[in-house]
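Each value in this text was obtained by applying a stated rule to the coordinates, not by laboratory testing. Just so we're clear, the structure is a prediction, and the values are computed from it rather than from any experiment. Glycine also receives a Cβ, built like all others from the backbone with ideal geometry; neighbour counts cover every protein chain displayed.
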Amino acid sequence: MHVKLLKLQVLTSLVTETNVQLVIRELQAYLQMSDLASAAIEAIGRCALHISGSSDTCLTCLINLISSPKENIVCAAVVVLKRLLHADAPIPLLKRVIKLIHSIRAPPARACVIWLISTHIDKVPTLAPDLLRILAKTFCDEADIVKLQILNLAIRLWATDRTKCELLVKYVIQLARYDRSYDIRDRCRFLRNLLFKDDSKFPLKIFMTDKPAPAVHSQYSDRENFQLGTLSHLLNQKCNGYTELPDFPEIAPDPTVRRNAMPLSVDEIGTDALKGKKGGLDKFYSDDESDDDEEEEEDEEDEEGEEFEDDDDEEEEEVAVDSGEESDIDEDDEEESESEEDETTSEEDEAVVAPIKPKVAISKKAVIASKLTKSSKPQPPPLKASKQEDFLVDLDFSDVSAGIFSNFHRTSSQYINPKFHSLLPTETPNGLSIEYRFTRAPSLFSNSMLSIEFRVSHKYSSESEILLTPDSTDPPTSGPLRFAQIKPHEFRQSFAGIDFEDCQCSSNWSVSFQNQSYQISIIPSLGELIEGIELSKKQFDEEKKRLSGAYEHSKRFKPAQVPIEAEQIYKFANCKSILCTDLIFAAQTISKKDILLISLTPKSDDQYELEINCNNVKFGVQFMKELIESLSK
């Protein structure tokens, strides 16, 4: 998440008049990401402040976001609008913002709405008192920042229209006088001395003065002294081991050292270049070393001369083959058995002699090309051409994981059955016993796998090994389990993970013990294929409203035990009750993270109505049937 925010900061720092429209389109694309929506809205506001020409486009985008069904987007848009508009908000927008006071719940957003109305109180003289009346009803339940803005609105109404709002303002001041927060009581004491004293020396106009627009500064503006990418740059303080950036030199260095060397073409490489290279090497080494090198070069030249003659013979034979004559196979074998060092030296000599014998040089090039083709390593595939407009939206922000992540917090199970279930008949040779149970705990292998605990034992006379191997990869498992050196009558336990893919399929395993093989299978109940999640009553109602129609299933039944207790539901299904509710539970499937909502409502004649809401229609229907059967027993 930190990297995403840094990339948004880089985008807004590099915005100019020419690319502002592209950046805004990029930021609008990030509004679909739940974790980046608020940060993208703030980035749009920074673009509007930096580039005045894009303010209309940004304002239009932010105003459209006010009507979004997502509360976090609406709250972020209101906060950014407060920074942008300041003292220039139009009346239609103010009327639209006042209506949001009933829907938004975030304290910063509510405080911004009140601030906008109190700042433009002269534009909406009839709506501002009504807003104060609405806020006075919920004053005690508001956050401190909202209460402070309510007091500011009350003071401005007292200064502009005291006759109509006197009683309402006094009521708000009285509520603030006995507030639990010391800051609210202190502000109230200060305002009471200004409002209710006739001999006050300070006029109320001090509350009506215009305030300067808030300046937006980058959080990295004061970190230019630290090297980019270091811990000191991230924390904005010098850390141990940090090396200061060197000062700029007083005398500029030679610019020619920064030039890139241009590669020479093939035609420019000739005899002079090769001779010059050898001469440069001779000057580099000392006199003693150069003498040794000369002797070695003479020996190499003799060997190269012989090899060159062999190459000439082979090349003549190749020319003869082209004209219809037969070639000698033995010389070809000798050519293939030559070392790589000899090949490189012969290639240099061939390049020197090439201008003298043009026809032979052509055949030599063909021979060299064939050698290089055999000895060269396979080249990596060429990289794909990058797009001309490489936007941040092309990047993949998702985390690498083997499972599927959920938007809701998983809770611990409310009931765990300690009893193990046997997978083999009671009468088995050597007293082999294999048992299992569902732990209802997160799997160590994948968040989409069901955690299963195996317990094995035997009554053989000596230490033995027990091996459990899955028969197939469908359903996927965490792999085989090996229990080595198990003593007689000793119990050994181990955990495995199985991804049943939200269905009651069978997971077949093979058991190897004392050169004998056994087959076992595990079939879970639907109650074990879910996990409890933490939901508030509001979130539950929203999800239930979303999962209506074909995703909703209900049925009346008469349970065996009346009234139904929550423990009965916990024993059957791994779910979590909704706080401050009765017989309302929430869960999600382990594999695909589909939401499952359970509601039990008592009816007449000791009957209950069971409602199931689930994204997976088939799973919801089967779950309702099994739950009714469990409660009816």
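Just for the Cα atoms in the range 2-207, what are the lengths along the principal axes, largest first, rounded to whole Å?
58, 31, 28
Ranked from highest to lowest mean number of other Cβ atoms within 10 Å per residue, what is the order of the peptides 447-454, 103-110?
So the order, starting with the most tightly packed, is 447-454, 103-110.
Before anything else, pin down the relative contact order of the range 421-524: Cα pairs under 8 Å, at least 6 apart, normalised by residue count, whole percent. Don't skip to the end; give the middle numbers.
Values: 226 pairs, mean separation 26.5, N = 104.
Computed over the range 421-524, the figure is 25 percent.
Averaging sequence separations of C-alpha pairs under 8 Å and six or more residues apart, then dividing by the length of the range 528-632, give the relative contact order as a whole percent. Don't skip to the answer; put the middle values down first.
On the way: 184 pairs, mean separation 36.3, N = 105.
Here the relative contact order equals 35 percent.
May I have the convex hull volume per residue, in Å³, for the Cα set of the range 421-524? Let's see the in-between values first.
Numbers: hull volume 9.5 nm³, N = 104.
That works out to 92 Å³ per residue.
Place the peptides 603-614, 36-47, 236-247, 434-445 in order of packing, highest mean first, counting for every residue the other Cβ atoms within 10 Å and averaging per peptide. Each step should come with its number before you reach the end.
On the way: 603-614: 15.6, 36-47: 22.0, 236-247: 9.8, 434-445: 17.9.
Going from most to least packed, we get 36-47, 434-445, 603-614, 236-247.
Grab the range 414-550 and count how many Lys pairs have their alpha-carbon atoms under 25 Å apart, sequence gap of 8 or more, or different chains. Mind showing how you got there, number by number?
Values: Lys419/Lys459; Lys419/Lys487; Lys459/Lys487; Lys537/Lys545.
The number of close lysine pairs in the range 414-550 is 4.
May I ask for the equivalent-ellipsoid semi-axes of the range 561-612, computed as the square root of five times each C-alpha gyration tensor eigenvalue and listed largest first in whole Å?
On the way: eigenvalues 94, 25, 21 Å².
Value: 22, 11, 10 Å, ordered largest first.
At what distance in nm do the modelled label points of Lys603 and Lys123 sit from each other, each positioned 7 Å from its Cα along Cα→Cβ?
Here the answer is 5.5 nm between the modelled labels.
Can you tell me which of 423-430, 186-193 comes out highest on packing, and rank the rest after it, using the mean Cβ neighbours within 10 Å? List each step's numbers first, then the result.
Working: 423-430: 12.1, 186-193: 15.2.
The densest-packed peptide leads the list: 186-193, 423-430.
Under the definition of Cα pairs under 8 Å and six or more residues apart, what whole-number percent is the relative contact order of the range 2-207?
On the way: 195 pairs, mean separation 25.0, N = 206.
Once normalised by length, the contact order is 12 percent.
Determine the distance separating the Cα centre of the range 429-493 from the Cα centre of the range 538-584; give it in Å without decimals.
Spelled out, the Cα-based centre of one part sits 35 Å from the other.
For a quick check: sort Lys487, Lys544 by the number of other beta carbons within 10 angstrom, fewest at the front. Mind showing how you got there, number by number?
Details: Lys487 13, Lys544 18.
Fewest to most other Cβ atoms nearby, the residues stand as Lys487, Lys544.
Figure the gain on full extension for Phe190 and Lys592 (residue separation times 0.36 nm, minus the Cα-Cα span) and round it to one decimal in nm.
139.0 nm
Could you tell me which of the pairs Lys99/Lys123; Lys70/Lys618; Lys95/Lys147; Lys70/Lys95 are separated by over 18 angstrom between their Cα atoms in the structure shown?
On the way: Lys99/Lys123 16 Å; Lys70/Lys618 29 Å; Lys95/Lys147 21 Å; Lys70/Lys95 20 Å.
Beyond 18 Å: Lys70/Lys618; Lys95/Lys147; Lys70/Lys95.
Return the inverse of the average 1/r over all pairs of distinct C-alpha atoms in the range 528-632, which is the Kirkwood hydrodynamic radius, in Å to one decimal.
Details: mean 1/r = 0.0733 Å⁻¹.
After inverting the mean inverse Cα-Cα distance, the result is 13.6 Å.
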